[in-house]
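The values are calculated or read from the model by the stated rules, or taken from the named source; none is laboratory data. From a predicted model like this one, the values you see are computed outputs, not experimental measurements. When we count neighbours, we look across all protein chains shown, and the Cβ atoms used for this are built from the backbone with ideal geometry, even at glycine. When the accessible area is computed, the model is the full protein with side chains, heavy atoms only, and any ligands, DNA or RNA have been set aside. Shrake-Rupley method; radii C 1.70, N 1.55, O 1.52, S 1.80 Å.
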Amino acid sequence: MTTTISDIHPDLIQTHILPFLDGPSLSATAAVSSHLQTLCADDILWSNMCNSTWPSVTDPRVDDIISTFPAGHRSFFHDSFPALVITDATHHNRRRLDLPSHAWPSQIISAVNIRYQNDCIYSKLEFTDTTDAFLSSEFCISLDEEPESKPGTGIFQAIKLKVDELAGADEGRLSHLKESLALNWILIDPTWKRAGNISSIKPVSAWKGWMNDNIHVLYAVVLPGCDQNNMVQYRIQVVLGIDEGTSGLHVKEVMLELLDMDFCRLKGKDFLVITQGALSGENNVKRKIVDVEESRRRYREFERISINSLSHLQSEIKTDMVISMPCDCFLQKLFHLLKVKFSLKTREFFSCMMLVVVLMIYCG
(Lines give C-alpha, C1' and ligand atoms only; values in the text may rest on other atoms or scores of the structure.)
Protein backbone atom coordinates (compact mmCIF):
# COMPACT_ATOMS: atom_id res chain seq x y z
CA MET A 1 0.00 0.00 0.00
CA THR A 2 1.42 3.37 -1.06
CA THR A 3 1.53 6.22 1.46
CA THR A 4 0.84 9.72 0.15
CA ILE A 5 1.25 13.13 1.73
CA SER A 6 -2.49 13.16 2.42
CA ASP A 7 -2.04 10.20 4.75
CA ILE A 8 0.18 12.20 7.10
CA HIS A 9 -1.76 13.97 9.81
CA PRO A 10 -2.04 17.71 9.02
CA ASP A 11 -0.97 18.69 12.54
CA LEU A 12 2.28 16.80 12.08
CA ILE A 13 3.03 18.68 8.86
CA GLN A 14 2.09 22.07 10.29
CA THR A 15 4.03 21.70 13.53
CA HIS A 16 7.06 19.56 12.60
CA ILE A 17 7.77 20.31 8.94
CA LEU A 18 6.45 23.62 7.60
CA PRO A 19 7.79 25.88 10.41
CA PHE A 20 11.33 24.78 9.58
CA LEU A 21 11.15 25.86 5.93
CA ASP A 22 12.27 29.25 4.67
CA GLY A 23 9.97 31.48 2.65
CA PRO A 24 10.89 30.31 -0.87
CA SER A 25 10.71 26.65 0.22
CA LEU A 26 7.32 27.23 1.82
CA SER A 27 6.02 28.80 -1.39
CA ALA A 28 7.38 25.89 -3.45
CA THR A 29 5.76 23.39 -1.08
CA ALA A 30 2.39 25.12 -1.48
CA ALA A 31 2.59 24.58 -5.24
CA VAL A 32 2.94 20.80 -4.95
CA SER A 33 -0.72 19.99 -4.30
CA SER A 34 -3.99 21.56 -3.22
CA HIS A 35 -3.69 19.76 0.11
CA LEU A 36 -0.30 21.32 0.86
CA GLN A 37 -1.50 24.66 -0.49
CA THR A 38 -4.23 24.70 2.15
CA LEU A 39 -1.78 23.80 4.93
CA CYS A 40 0.74 26.42 3.77
CA ALA A 41 -1.89 29.18 3.68
CA ASP A 42 -2.00 29.45 7.48
CA ASP A 43 -1.43 33.13 8.36
CA ILE A 44 0.27 32.30 11.66
CA LEU A 45 2.87 30.32 9.72
CA TRP A 46 3.59 33.28 7.45
CA SER A 47 3.49 35.74 10.34
CA ASN A 48 6.23 33.80 12.11
CA MET A 49 8.16 33.68 8.84
CA CYS A 50 7.97 37.48 8.41
CA ASN A 51 8.89 38.15 12.03
CA SER A 52 11.96 35.93 11.94
CA THR A 53 13.11 37.32 8.58
CA TRP A 54 12.47 41.00 9.39
CA PRO A 55 12.26 41.60 13.18
CA SER A 56 11.13 45.20 12.68
CA VAL A 57 7.67 44.05 11.49
CA THR A 58 6.89 42.49 14.88
CA ASP A 59 5.62 45.91 15.94
CA PRO A 60 1.84 45.58 16.60
CA ARG A 61 1.09 48.67 14.49
CA VAL A 62 2.67 47.11 11.40
CA ASP A 63 1.33 43.65 12.18
CA ASP A 64 -2.21 45.06 12.11
CA ILE A 65 -1.58 46.72 8.74
CA ILE A 66 -0.08 43.55 7.24
CA SER A 67 -3.16 41.64 8.38
CA THR A 68 -5.23 43.79 5.99
CA PHE A 69 -3.18 42.72 2.92
CA PRO A 70 -5.12 40.51 0.45
CA ALA A 71 -3.59 37.30 1.83
CA GLY A 72 -2.26 38.72 5.07
CA HIS A 73 1.35 37.96 5.96
CA ARG A 74 1.73 35.68 2.94
CA SER A 75 1.05 38.64 0.63
CA PHE A 76 3.50 40.79 2.58
CA PHE A 77 6.25 38.17 2.35
CA HIS A 78 5.80 37.73 -1.39
CA ASP A 79 5.83 41.54 -1.81
CA SER A 80 9.00 41.97 0.24
CA PHE A 81 11.01 38.96 -0.94
CA PRO A 82 12.94 39.08 -3.14
CA ALA A 83 13.90 42.73 -3.73
CA LEU A 84 12.62 44.99 -6.50
CA VAL A 85 14.70 45.02 -9.70
CA ILE A 86 14.19 46.15 -13.27
CA THR A 87 14.38 43.32 -15.79
CA ASP A 88 14.51 45.47 -18.95
CA ALA A 89 15.92 48.98 -18.77
CA THR A 90 15.75 49.68 -22.51
CA HIS A 91 12.29 51.26 -22.41
CA HIS A 92 9.69 52.45 -19.96
CA ASN A 93 6.81 54.88 -20.05
CA ARG A 94 6.49 58.31 -18.44
CA ARG A 95 4.71 58.40 -15.09
CA ARG A 96 2.06 60.94 -14.17
CA LEU A 97 2.95 63.50 -11.51
CA ASP A 98 -0.42 65.31 -11.58
CA LEU A 99 -2.29 62.74 -9.51
CA PRO A 100 -4.95 64.05 -7.10
CA SER A 101 -3.89 64.40 -3.46
CA HIS A 102 -6.23 61.60 -2.35
CA ALA A 103 -4.20 59.18 -4.48
CA TRP A 104 -1.21 59.54 -2.14
CA PRO A 105 -0.93 57.36 0.94
CA SER A 106 -1.09 59.47 4.10
CA GLN A 107 1.91 57.61 5.46
CA ILE A 108 4.82 55.51 4.27
CA ILE A 109 6.33 52.95 6.64
CA SER A 110 9.97 51.88 6.52
CA ALA A 111 10.95 48.53 8.07
CA VAL A 112 14.74 48.41 8.22
CA ASN A 113 16.81 45.40 9.26
CA ILE A 114 20.58 44.89 9.13
CA ARG A 115 22.27 41.53 9.70
CA TYR A 116 25.92 40.76 10.30
CA GLN A 117 26.70 37.12 9.52
CA ASN A 118 22.98 36.29 9.91
CA ASP A 119 22.70 37.95 13.34
CA CYS A 120 20.35 40.95 13.43
CA ILE A 121 22.34 43.96 14.69
CA TYR A 122 19.91 46.73 13.73
CA SER A 123 16.14 46.76 13.41
CA LYS A 124 13.99 49.87 13.27
CA LEU A 125 10.59 51.04 12.15
CA GLU A 126 9.98 54.54 10.78
CA PHE A 127 6.64 56.20 10.00
CA THR A 128 6.85 59.07 7.48
CA ASP A 129 3.83 61.35 6.99
CA THR A 130 3.30 62.45 3.39
CA THR A 131 2.44 66.06 4.20
CA ASP A 132 2.54 68.96 1.75
CA ALA A 133 6.02 69.77 3.03
CA PHE A 134 7.10 66.17 2.35
CA LEU A 135 5.75 66.29 -1.22
CA SER A 136 7.53 69.55 -2.09
CA SER A 137 10.84 68.91 -0.30
CA GLU A 138 13.83 66.81 -1.27
CA PHE A 139 13.23 63.22 -0.23
CA CYS A 140 15.44 61.77 2.48
CA ILE A 141 14.77 59.43 5.41
CA SER A 142 17.53 59.42 8.00
CA LEU A 143 17.51 56.95 10.89
CA ASP A 144 19.94 57.78 13.67
CA GLU A 145 21.20 55.44 16.37
CA GLU A 146 18.72 54.51 19.10
CA PRO A 147 17.38 57.60 20.92
CA GLU A 148 17.97 57.46 24.66
CA SER A 149 14.40 58.67 25.20
CA LYS A 150 12.96 55.65 23.39
CA PRO A 151 14.79 52.56 24.56
CA GLY A 152 13.58 49.18 23.40
CA THR A 153 12.05 50.44 20.15
CA GLY A 154 14.20 48.18 18.00
CA ILE A 155 17.40 46.14 17.88
CA PHE A 156 20.69 48.00 18.26
CA GLN A 157 23.71 45.74 18.72
CA ALA A 158 27.40 46.22 18.04
CA ILE A 159 29.25 44.21 15.42
CA LYS A 160 31.57 41.92 17.35
CA LEU A 161 34.61 42.83 15.33
CA LYS A 162 37.44 44.41 17.32
CA VAL A 163 38.54 47.80 16.07
CA ASP A 164 42.22 46.85 16.30
CA GLU A 165 41.43 44.02 13.90
CA LEU A 166 40.29 46.58 11.34
CA ALA A 167 43.80 48.05 11.11
CA GLY A 168 42.62 51.30 9.55
CA ALA A 169 39.82 49.66 7.63
CA ASP A 170 42.01 48.29 4.86
CA GLU A 171 40.57 46.74 1.73
CA GLY A 172 40.53 43.26 3.23
CA ARG A 173 38.42 44.31 6.20
CA LEU A 174 36.11 46.38 4.04
CA SER A 175 35.64 43.36 1.80
CA HIS A 176 34.76 41.34 4.89
CA LEU A 177 32.03 43.83 5.82
CA LYS A 178 30.74 43.87 2.23
CA GLU A 179 30.31 40.11 2.34
CA SER A 180 29.04 39.87 5.94
CA LEU A 181 26.48 42.69 6.10
CA ALA A 182 22.98 42.41 4.63
CA LEU A 183 20.34 45.14 4.71
CA ASN A 184 16.62 45.02 3.96
CA TRP A 185 14.66 48.27 3.64
CA ILE A 186 11.00 47.43 3.11
CA LEU A 187 8.65 50.24 2.14
CA ILE A 188 5.04 49.61 3.19
CA ASP A 189 2.10 51.46 1.63
CA PRO A 190 -0.80 51.00 4.09
CA THR A 191 -3.30 52.63 1.71
CA TRP A 192 -2.72 50.41 -1.32
CA LYS A 193 -1.69 47.45 0.87
CA ARG A 194 1.54 46.82 -0.98
CA ALA A 195 5.17 46.51 0.08
CA GLY A 196 8.55 46.27 -1.58
CA ASN A 197 12.22 45.82 -0.70
CA ILE A 198 14.28 48.65 -2.22
CA SER A 199 17.71 47.44 -1.06
CA SER A 200 20.41 45.59 -2.97
CA ILE A 201 20.58 43.34 0.16
CA LYS A 202 24.37 43.07 -0.09
CA PRO A 203 26.51 46.23 -0.25
CA VAL A 204 27.58 47.59 -3.60
CA SER A 205 30.44 49.57 -2.06
CA ALA A 206 32.22 50.29 1.24
CA TRP A 207 34.87 52.81 2.24
CA LYS A 208 36.47 54.60 5.18
CA GLY A 209 35.30 58.14 5.93
CA TRP A 210 37.38 60.97 4.55
CA MET A 211 37.61 63.04 7.76
CA ASN A 212 36.98 60.46 10.50
CA ASP A 213 37.20 56.75 11.31
CA ASN A 214 33.61 55.98 10.32
CA ILE A 215 33.00 53.25 7.79
CA HIS A 216 30.39 53.86 5.09
CA VAL A 217 28.53 50.95 3.55
CA LEU A 218 26.38 51.59 0.50
CA TYR A 219 23.35 49.71 -0.88
CA ALA A 220 21.76 50.79 -4.16
CA VAL A 221 18.95 49.75 -6.49
CA VAL A 222 18.36 51.29 -9.92
CA LEU A 223 14.72 51.53 -11.03
CA PRO A 224 12.70 53.47 -13.66
CA GLY A 225 12.14 57.17 -12.96
CA CYS A 226 9.28 59.52 -13.79
CA ASP A 227 10.56 60.64 -17.18
CA GLN A 228 10.55 58.30 -20.13
CA ASN A 229 13.65 56.09 -20.26
CA ASN A 230 15.22 57.86 -17.26
CA MET A 231 16.53 55.86 -14.31
CA VAL A 232 16.79 56.68 -10.62
CA GLN A 233 18.77 55.20 -7.77
CA TYR A 234 17.42 54.22 -4.35
CA ARG A 235 20.58 54.84 -2.35
CA ILE A 236 20.93 53.57 1.23
CA GLN A 237 24.02 54.54 3.18
CA VAL A 238 24.93 52.96 6.51
CA VAL A 239 27.46 54.72 8.73
CA LEU A 240 29.35 52.48 11.16
CA GLY A 241 31.20 54.03 14.08
CA ILE A 242 33.46 52.75 16.83
CA ASP A 243 31.57 51.46 19.86
CA GLU A 244 33.57 52.63 22.89
CA GLY A 245 31.91 50.14 25.20
CA THR A 246 32.61 46.99 23.20
CA SER A 247 35.52 48.15 21.03
CA GLY A 248 33.50 46.98 18.06
CA LEU A 249 31.41 48.74 15.42
CA HIS A 250 27.83 49.94 15.69
CA VAL A 251 25.33 51.52 13.32
CA LYS A 252 25.36 55.31 13.73
CA GLU A 253 23.06 56.26 10.88
CA VAL A 254 21.04 54.72 8.07
CA MET A 255 19.91 57.09 5.32
CA LEU A 256 17.71 56.57 2.26
CA GLU A 257 17.82 58.95 -0.70
CA LEU A 258 16.32 58.88 -4.18
CA LEU A 259 18.75 60.30 -6.74
CA ASP A 260 18.34 61.14 -10.40
CA MET A 261 21.06 60.67 -13.00
CA ASP A 262 22.56 64.08 -12.12
CA PHE A 263 23.11 62.92 -8.51
CA CYS A 264 20.36 65.29 -7.30
CA ARG A 265 17.77 64.26 -4.74
CA LEU A 266 14.22 63.97 -6.06
CA LYS A 267 11.29 65.43 -4.18
CA GLY A 268 8.86 63.54 -1.99
CA LYS A 269 6.18 63.66 -4.69
CA ASP A 270 8.53 62.04 -7.21
CA PHE A 271 9.41 59.40 -4.62
CA LEU A 272 5.75 58.46 -4.12
CA VAL A 273 5.04 58.24 -7.86
CA ILE A 274 8.14 56.15 -8.59
CA THR A 275 7.66 53.91 -5.55
CA GLN A 276 3.97 53.24 -6.22
CA GLY A 277 4.84 52.28 -9.79
CA ALA A 278 7.60 49.96 -8.62
CA LEU A 279 5.41 48.29 -5.99
CA SER A 280 2.77 47.70 -8.68
CA GLY A 281 5.29 46.14 -11.06
CA GLU A 282 5.10 48.84 -13.72
CA ASN A 283 7.78 49.35 -16.39
CA ASN A 284 9.40 45.92 -16.14
CA VAL A 285 9.95 46.04 -12.37
CA LYS A 286 9.89 42.56 -10.83
CA ARG A 287 10.61 40.91 -7.51
CA LYS A 288 13.63 38.84 -8.34
CA ILE A 289 16.77 37.48 -6.70
CA VAL A 290 19.74 39.22 -8.27
CA ASP A 291 23.33 38.06 -7.89
CA VAL A 292 25.43 40.47 -5.82
CA GLU A 293 27.86 41.01 -8.68
CA GLU A 294 24.97 41.95 -10.96
CA SER A 295 23.77 44.51 -8.38
CA ARG A 296 27.25 46.00 -8.21
CA ARG A 297 27.50 46.07 -12.01
CA ARG A 298 24.23 48.00 -12.26
CA TYR A 299 25.43 50.40 -9.56
CA ARG A 300 28.71 51.04 -11.40
CA GLU A 301 26.86 51.59 -14.67
CA PHE A 302 24.59 54.18 -13.05
CA GLU A 303 27.65 55.86 -11.52
CA ARG A 304 29.44 55.88 -14.86
CA ILE A 305 26.55 57.57 -16.63
CA SER A 306 26.08 60.04 -13.79
CA ILE A 307 29.77 60.95 -13.56
CA ASN A 308 29.57 62.11 -17.16
CA SER A 309 27.66 65.09 -15.79
CA LEU A 310 30.98 66.38 -14.41
CA SER A 311 31.95 67.69 -17.85
CA HIS A 312 28.56 69.36 -18.04
CA LEU A 313 29.20 70.90 -14.62
CA GLN A 314 32.45 72.40 -15.85
CA SER A 315 30.66 74.17 -18.69
CA GLU A 316 28.05 75.43 -16.23
CA ILE A 317 30.81 76.87 -14.02
CA LYS A 318 32.31 78.78 -16.94
CA THR A 319 28.93 80.04 -18.11
CA ASP A 320 27.85 81.20 -14.65
CA MET A 321 31.13 83.03 -14.09
CA VAL A 322 31.19 84.73 -17.48
CA ILE A 323 27.66 86.11 -17.49
CA SER A 324 27.56 86.71 -13.68
CA MET A 325 24.10 85.23 -13.28
CA PRO A 326 22.71 83.69 -10.04
CA CYS A 327 23.74 80.05 -9.90
CA ASP A 328 21.54 78.64 -7.11
CA CYS A 329 20.57 75.68 -9.26
CA PHE A 330 24.17 74.96 -10.10
CA LEU A 331 25.30 75.20 -6.46
CA GLN A 332 22.54 72.83 -5.41
CA LYS A 333 23.64 70.33 -8.04
CA LEU A 334 27.30 70.71 -7.06
CA PHE A 335 26.42 70.28 -3.38
CA HIS A 336 24.68 66.97 -3.97
CA LEU A 337 27.32 65.69 -6.37
CA LEU A 338 30.24 66.32 -4.01
CA LYS A 339 28.31 65.15 -0.97
CA VAL A 340 27.41 61.87 -2.68
CA LYS A 341 30.88 61.28 -4.11
CA PHE A 342 32.72 61.95 -0.84
CA SER A 343 29.91 60.66 1.40
CA LEU A 344 30.24 63.46 3.92
CA LYS A 345 27.72 64.64 6.45
CA THR A 346 26.74 68.30 6.19
CA ARG A 347 28.93 69.44 9.08
CA GLU A 348 31.95 67.66 7.57
CA PHE A 349 31.17 69.01 4.12
CA PHE A 350 30.96 72.67 5.19
CA SER A 351 34.66 73.47 4.78
CA CYS A 352 34.80 71.92 1.30
CA MET A 353 31.73 73.83 0.17
CA MET A 354 33.06 77.11 1.54
CA LEU A 355 36.28 76.56 -0.41
CA VAL A 356 34.32 76.01 -3.62
CA VAL A 357 32.28 79.19 -3.08
CA VAL A 358 35.36 81.25 -2.31
CA LEU A 359 37.08 79.99 -5.46
CA MET A 360 34.01 80.83 -7.54
CA ILE A 361 33.87 84.36 -6.13
CA TYR A 362 37.59 84.83 -6.65
CA CYS A 363 37.51 83.55 -10.23
CA GLY A 364 34.41 85.66 -10.98
Simple spin-label estimate for HIS78 and GLU301 in nanometres, 7 Å along Cα-Cβ = 2.9
Work out, step by step, the length gained on full extension between ASN51 and ASN230: first 0.36 nm times the residue separation, then minus their alpha carbon distance; give nm to one decimal.
-> 60.9 nm
Modelled label-to-label distance, LEU21 and SER67, 7 Å Cα→beta-carbon offset: nm?
-> 2.5
Solvent-accessible surface (1.4 angstrom probe) belonging to GLU126, in square angstrom, nearest 10 = 60
Does segment 240-280 come out rounded, prolate or oblate by the C-alpha gyration tensor, with a ≥ b ≥ c the root eigenvalues, rounded set by a/c under 1.5 and, if not, prolate when a/b is larger than b/c and oblate if not?
-> prolate
What is the gain in length, in nm to one decimal, between THR38 and GLN117 on full extension, counting 0.36 nm per residue of separation less the C-alpha to C-alpha distance?
-> 25.0 nm
Compute, for MET211, the solvent-accessible surface of its heavy atoms (probe 1.4 Å) with the complete set of protein chains present, and express it in square angstrom to the nearest 10.
-> 110
Quick one: what are the phi-derived ³J(HN,Hα) couplings along segment 60-72, Karplus 6.51/-1.76/1.60 with θ = phi - 60°, whole Hz, x for glycine and proline?
-> x, 5, 6, 4, 5, 5, 4, 5, 8, 5, x, 10, x
Pseudo-spin-label distance LYS160 to ALA133, built 7 Å along Cα→Cβ, given in nm, is 4.3
